[in-house]
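A short worksheet on the structure shown next.
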Amino acid sequence: MGRLNQIPFFVILMGIGAGAMYVPAVHGLLSRDYAVSRTFFYSGTLFLMATVLLAIATAANRSNQPAREQLLTLLGTFTILPLMFAIPFYEAVPGTSFFNAWWEMVSSLTTTGATLFDPDRLAGSVHLWRALVGWLGGFFILVTAIAILAPMNLGGFEVLSGAPAGQGVMMAGGQASRIVAPSTRLWRYSVTLLPAYTGLTLVLWVALIVAGDSALVAACHAMSTLATSGISPVGGMSGSASGVGGEALIFLFLVFALSRRLYPSGRTFQSGQYLGADPELRMALLLVTAVPALLFLRHWVGALEIDEVSDTVAALAALWGTIFTVLSFLTTTGFESVDWGQARAWSGLATPGLILAGLAVIGGGVATTAGGVKLLRVYALFRHGEREIERLVHPNSVGGAGSEARRLRRQGAQMAWIFFMLFALSIAVTMLALSLAGLDFVASTTFAVAALSTTGPLASVTAGTPLSWADLDSGARAILAAAMVLGRLETLAIIALLNPEFWRS
C-alpha cells in the first residue's frame, strides 16, 4: 500500500480503467461476439502495460503541491482519461469517428448519460462498457468528493462550514482534515465506499433479473441507477421487461443519491442528528411529494375536461409515473417512467418538461453521484429566505436553532447564492456558445441545462419536440463536452484551480 501511495493518482486510475476493459471482453466472449471481445482484451492488455511503465517512471516524482495535483487529476480524469476509454469503443463501433467515441466516454464518465447512437447500433458488450464507465465515474465522484473536495471546502461542503471555498474544514471529532495525507484519505475512503457501492449494485442487479430483465439490461440499469448516469441498452425503462416492478426497485435505490449520510463515508462530516433530520432528505421529501401532487392535480383537472375521471387505474398509473420521474430527474438520472406517457394521454396535456429541467438543476445530495446545484445549497437558500420573512414581521427577533443553523442561514446561504449565480452564469455562457454554433434558443437552453446538470436524457423530454444529441455538429458537441466536465467538477473547483497560490512552488 505504501508503494501504491507513491504512484500518481492519475496513473492508478489508468490501471483501473485498463482492468475494467476485461469485463466487456469477457462478456463478448460469452456472447460469441469475438471481434468486440478481442478489441477490449487487446486494449486492456495494452493499457495495463502502459500503466506499469508510467508507474515505474513517475513513482519517484512526487508533487510538493498535493492540492494542485488533486484538482488537476480531477480535470484530467474527465478530459484525458476518456481518450483511453474511447479507443476500444472506436474499434468496436464501425463507422464512427474517434471524436464521437471520446465524446461518448466523456458523457459516460461524467455520469451525464447522453448518447449519439441508437441502442440497436451498439453491441451488448459496448453497452456494458458505457454503463461500466459511468459506474466507475460515479464511484470516482463519491471518493473524491469526500477525500479531495471536502478537505478543500468545495463541492457543497462550503455551505456546511460557512468558510470561504478553498480553505480546510473540520472532520468529525474536531480533527483538521488537512493533516491527513491526501493519498491516505483516498485509500481510506475507497476501501470504505467500495463494498457498499458494489454491494448495492449487485443487489439491484439480482433484483432486476428476478423482476424480468435480462442479465445485460439489469446490469446496465443497476450501474446506471447507483451512478445516476441514466445509461440504458434498451432506450430507458420503456424497453425494459421488468415494468413497474423494476421501476419500484430502481426508485428505492435512487434514494442513495439524495444524501451523503446514506453512504458509510457520510459519517465523517455529519452531525449528531438522526437521519430524519437530515436537511437534504427533508428537502428531497418535500420535492418528491409536492411536485407529483401538483402534477397529479394538473392531470386530474385535465381529466375532468375530457370526462375520464372514473378511470382509476389510469389515475394511479399517472401518479406513479410522476413520482418515479420526479425522483429520477431530481437525482439527475433521467429515467422516464413507462407510465409517464400514459399520464400524458390520460390528462390530454403536454409534458411539463420545464419542471423536470428545474428538478435536474436542483440535483441531489452533496458528495453523492448526483449533479446539479445540490439539495443542501437549495436548503440553505430556503432557510435564509424563511428567516428574512420572519424579520419582516418581527425585525428584532432572534433566529435561534443553534450556531450551526445560524451559520447555514448566513455564511452558508451566501456561499450557496454565489454558486447558484455561477451556475446560472455557466448556463448563459453555454447557451451563448451554442447559439453561435447555430442552435436556436430552445435547443441551446435544453442542451445547456442537460449538460451542466449531467442529465443527458433531459434533452429528449424537455422540449415539445424531442431533441437528439446526434443532430449536433462537432462544434456544438465540443462545447457540450466542456459543459459536462464543468457541471461535474463544479465552477468553484475550476475557480480554485485559477488561484495563484496553487501554482507557487
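Residues with amide H under 5 Å of residue 336's amide H, sequence separation 5 or more or different chain, H placed in the peptide plane at 1.01 Å from N; which?
237
Would you please give the FRET efficiency between residue 29 and residue 83, computed as 1/(1 + (r/R0)^6) with r the Cβ-Cβ distance and R0 = 25 Å, to the nearest 0.05?
Efficiency, rounded to the nearest 0.05: 0.45.
Could you order peptides 244-252, 366-374, 42-50, 80-88 by the average number of other Cβ atoms within 10 Å of their residues, highest first?
Packing order, densest peptide first, comes out as 366-374, 80-88, 244-252, 42-50.
Tell me, how many Å apart are the Cα centres for region 432-490 and for region 20-47?
32
Which residues' amide hydrogens lie under 5 Å from the amide hydrogen of residue 241, considering only partners 5 or more residues apart or on another chain, with H built in the peptide plane?
Excluding prolines and chain starts, which carry no amide H, the hits are 214.
Sorted by packing (mean other beta-carbon atoms within 10 Å per residue), highest first, where do 474-487, 323-336, 145-158 land?
Most protected by this proxy first, the peptides run 323-336, 145-158, 474-487.
No lab work stands behind these numbers, since they all come straight from the coordinates. These figures come from a predicted structure and were not determined experimentally. Quick reminder, even Gly has a Cβ in these numbers, built from the backbone with ideal geometry, and neighbours come from all protein chains shown.
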